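K.L.:
One structure follows; several queries about it will come next.
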Amino acid sequence: MNDASWADRDLADRFVDGAYGSVKGYVRTYVLHQHLLHHLPQPPARVLDVGGGAGHQSFPLASAGFDVTIVEPSSAMLDRARERLRMMSDDARTRVTLIQAAGEDAVDAVGDNRFDGVLCHGVLGYLDDPEPVIATLCRCAQPGGLVSIMTSNAHATAVRPAMERRWVDALAAFDERVQDNPLGVQTRSDTPEELTTTLSAHGVATEALYGTWLFVDWLEFAGAALDISDPAEVDAIARVEAEASRRDPYRQMSRAFHLLGRRGDAD
């Protein structure tokens, strides 16, 4: 991961206020939250969010009664997490721990603690080699614990340039793994098959595969404006995206995917 870029407060602000402050950002959080509630044990189960940023995915879990620890390398992102934490209820705040550390150092950062769920969402694409972080995620999960990874789908890399009518780029993208994301940061894509194999090598068996971002992605890249201030439409969009995330062929066409695995009982 390019830690230097994420230490930049301007980039952190654009990510928190722009990416997560949009309809697309809300939809991502909502859809993944529904997946997690379906697969995680009941609260007060313990959840580790590696590269958890400003807590957009794990703070709702804390509000739902889960005990949440965020490991995040960027001080700028953790500053935004602290700002958002102050807006939560006193009860939820007591269930959140923030730790500054690189993802590959998460085992040392959490000490002897092991977790019922380990999240790593939107992180692997910033890594040249995701294997060390994936190994760490698996080690941080207790036997029987859930490992949750959301990352860009290498089977759908042509979607964005095609929707933006960049046809030369779209043709090249069918065989391209690296692209600039909407924030202008270079990211890399993975396939569900590759992650399934890597997780299996670390004792984690795939339990479910979902899509993430389909219609909102296509609309945004096609230039459509979605209004975050219209709660009825935003709720309707989120429900449609949640349904598409678990159905074929829609989940296969999503620009990102959400893979969940279960660590074996042997420690």
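K.L.:
How much FRET efficiency would the formula 1/(1 + (r/R0)^6) give for Ala135 and Ser22, where r is the Cβ-Cβ distance and R0 is 51 Å, rounded to 0.05?
P.N.:
Computed FRET efficiency for Ala135 and Ser22 comes out at 0.95.
K.L.:
Any chance you could list P(r) for region 165-249, counting all Cα-Cα pairs in 10 angstrom bins from zero, rounded to whole %?
P.N.:
Going from the shortest bin to the longest, the percentages are 13, 32, 37, 17, 2.
K.L.:
Here's a follow-up. Given charges of +1 on the Cβ of Lys and Arg and -1 on the Cβ of Asp and Glu, with all other atoms neutral, how large is the dipole of region 228-267 about its Cα centre, in debye to the nearest 20?
P.N.:
220 debye
K.L.:
On a full-extension model of 0.36 nm per residue, what is the gain between Gln34 and Glu164, subtracting their alpha-carbon distance, rounded to one decimal in nm? Display every interim value, and only then the final one.
P.N.:
Numbers: separation 130, 0.36 × 130 = 46.80 nm, distance 2.98 nm.
Here the answer is 43.8 nm.
K.L.:
By how many nm would the segment from Met87 to Arg177 lengthen if fully extended, with 0.36 nm per residue of separation less the alpha-carbon distance?
P.N.:
Full extension of this stretch gives 28.6 nm more.
K.L.:
Here's a follow-up. Say R0 is 35 Å: what FRET efficiency, to the nearest 0.05, do Ala205 and Asp235 get from their beta-carbon distance?
P.N.:
The computed FRET efficiency comes out at 0.55.
K.L.:
Ordered by residue, what ³J(HN,Hα) values in Hz, to whole numbers, does region 111-126 give under the Karplus form 6.51 cos²θ - 1.76 cosθ + 1.60, where θ = phi - 60° and Gly and Pro are x?
P.N.:
x, 7, 6, 10, 10, 6, x, 10, 9, 8, 10, x, 10, 4, x, 8
K.L.:
While we're on this one: Skipping prolines and chain starts, which residues have an amide H placed within reach, meaning under 5 Å, of the one on Val147, given they are 5 or more residues away or on another chain?
P.N.:
Val118, Gly261, Arg262, Arg263
K.L.:
State the three equivalent ellipsoid semi-axes of region 96-171, derived from the C-alpha gyration tensor as the square roots of 5 times its eigenvalues, in descending order and whole Å.
P.N.:
33, 12, 11
K.L.:
Right, something else. Can you put Ile99, Ile228 in order of accessible area, largest first, using a 1.4 Å probe? Don't jump to the answer; show the numbers that get you there.
P.N.:
On the way: Ile99 40, Ile228 85 Å².
Correct descending sequence by accessible area is Ile228, Ile99.
K.L.:
I would also like to ask the following. Using each residue's phi in region 208-213, evaluate 6.51 cos²θ - 1.76 cosθ + 1.60 at θ = phi - 60° and report the 3J(HN,Hα) Karplus result to the nearest Hz, with x for Gly and Pro.
P.N.:
Values per residue, Gly and Pro as x: 7, 10, 10, x, 9, 6 Hz.
K.L.:
While we're looking at this one, here's another question. Local charge sum around Met150 (other residues, Cβ-Cβ under 12 Å, Lys/Arg +1, Asp/Glu -1)?
P.N.:
Working: positive: Arg28, Arg255; negative: Asp49, Asp190.
In short, 0.
K.L.:
In whole percent, and with a 1.4 Å probe on the protein chains, what portion of the accessible area of the chain is carbon and sulfur?
P.N.:
Of all accessible area on the chain, carbon and sulfur atoms account for 50 percent.
K.L.:
Sort out for me the Cα centre separation of region 146-203 from region 205-267, rounded to whole Å.
P.N.:
15 Å
K.L.:
For a label point 7 angstrom out from the Cα of Asp79 toward its Cβ, which stretches of region 98-127 have the backbone nitrogen within less than 12 Å?
P.N.:
none
K.L.:
Per residue of region 247-260, what does 6.51 cos²θ - 1.76 cosθ + 1.60 with θ = phi - 60° give for ³J(HN,Hα)? Whole Hz please, x for Gly and Pro, Karplus curve as stated.
P.N.:
Couplings: 10, 8, x, 4, 5, 6, 8, 5, 6, 9, 9, 10, 10, 10 Hz.
K.L.:
Place a +1 charge on the Cβ of each Lys and Arg in the chain and a -1 charge on the Cβ of each Asp and Glu, then give the dipole magnitude about the Cα centre in debye, rounded to the nearest 20.
P.N.:
For this selection, approximately 460 debye.
K.L.:
Which one, His39, Leu209, Leu98, is farthest towards the positive end of the dipole of the chain when Lys and Arg carry +1 and Asp and Glu -1 on their Cβ?
P.N.:
In the chain, that residue is His39.
K.L.:
Using the heavy atoms of the protein chains alone and a 1.4 angstrom probe, what is the accessible area of region 35-165 per residue in square angstrom?
P.N.:
Ligands and nucleic acids excluded, the result is 37 Å² per residue.
K.L.:
How big is the accessible area of Thr191 in square angstrom, nearest 10, if you roll a 1.4 angstrom probe over the protein chains?
P.N.:
Rounded to the nearest 10, that gives 10 Å².
K.L.:
Oh, and also: Return the long-range amide H neighbours of Gly51 (sequence gap of 5 or more, or a different chain), with a cut-off of under 5 Å between placed amide H atoms.
P.N.:
Amide H neighbours of Gly51, under 5 Å, 5+ apart: Val71, Glu72.
The values are calculated or read from the model by the stated rules, or taken from the named source; none is laboratory data. Keep in mind the model is a prediction, meaning the values are calculated, not measured. For neighbour counting, all protein chains shown are included, and Cβ atoms are generated from backbone atoms with ideal geometry for every residue, glycine included. Each accessible area value is taken on the protein alone, full model and side chains, heavy atoms only, with ligands, DNA and RNA left out. Shrake-Rupley method; radii C 1.70, N 1.55, O 1.52, S 1.80 Å.
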